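Undergrad: Supplied in structure tokens, the structure appears directly below.
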Amino acid sequence: MTSSASTETFVNSARGFRILMITSIDHTGRFDGRPMTLLAVEDEGTMWFACPSDSDLVTQFGRPAPISITGQTSSAYLHTNGIAKAIVDEDKAKKVWSETLRPWFPNGPTSDDLILIQVTPQAASVWDSGITDMLSFAWEAVKAVVSGEKINNLDGRKYIDMTEPHAAAK
């Protein structure tokens, strides 16, 4: 990924998410989804997750594989496609470690069965309505119904192509 404004938009948005839905393709060719804790998003956009060594993800991502990630907060949505791979890197595990992982990895970031999932995004869509609370949304909805007009500024989508150097958000 580049250090462009579009990458910054993606990174800033992605860092607002804790749990994301990861969808991959299993050994039968079917979509396989699961929620996972986002451990870190690096400045260039690389995303980090963790799983146990006996997870199907280790097999799926033993070599780089396509992945789709989605997430939702109270006012934003994120979707990204990218390439995921499973890696063993104790130094990186220490850097991205979160205590929320301790139930699965009692020995912390040095657990023998901890595998990192590195995701390199290729494209993303970020929706941020700019409406940060339900009261504001309700007010906008009432105004739209009363006026007979569509509600304003709810799309807020930004498409980000991360394969192009210095790609601009569309």
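The values are calculated or read from the model by the stated rules, or taken from the named source; none is laboratory data. On a predicted model such as this, the values are computed, not experimentally measured, just so you know. Because the Cβ atoms are built from the backbone with ideal geometry, glycine has one as well, and the counts that use them run over all protein chains shown. What goes into the accessible areas is simple: the full protein's heavy atoms, side chains included, and nothing from ligands, DNA or RNA. Shrake-Rupley method; radii C 1.70, N 1.55, O 1.52, S 1.80 Å.
Undergrad: May I ask which residue of Gly33, Asn107, Gln118 lies farthest towards the positive end of the charge dipole of the range 25-130, with charges of +1 (Lys, Arg) and -1 (Asp, Glu) on Cβ and the Cα centre as origin?
TA: Gly33
Undergrad: Let me ask something additional. Over the heavy atoms of Arg34, what accessible area does a 1.4 Å probe trace out, to the nearest 10 Å²?
TA: Only protein atoms counted, so the area is about 40 Å².
Undergrad: Roll a 1.4 Å probe over the protein heavy atoms and report the accessible area of Lys85 in Å², nearest 10.
TA: 80 Å²
Undergrad: If Asp26, Asp112 are ordered by their accessible area, calculated over protein heavy atoms with a 1.4 Å probe, which sequence runs from highest to lowest?
TA: Numbers: Asp26 35, Asp112 155 Å².
Descending accessible area places them as Asp112, Asp26.
Undergrad: Please give the contour-minus-distance gain from Ser147 to Phe31: 0.36 nm per residue of separation, less the Cα-Cα distance, rounded to one decimal in nm. Before the final figure, lay out the partial values.
TA: Details: separation 116, 0.36 × 116 = 41.76 nm, distance 4.32 nm.
Full extension of this stretch gives 37.4 nm more.
Undergrad: How much length, in nm to one decimal, is gained on full extension between Thr23 and Ala138, taken as 0.36 nm per residue of separation minus their Cα-Cα distance? Each step should come with its number before you reach the end.
TA: Details: separation 115, 0.36 × 115 = 41.40 nm, distance 3.27 nm.
Separation in residues times 0.36 nm, less the Cα-Cα distance, equals 38.1 nm.
Undergrad: Related question: What order do Val58, Val145, Val41 take when sorted by accessible area (1.4 Å probe), most exposed first?
TA: Of Val58, Val145, Val41, the descending order of accessible area is Val145, Val58, Val41.
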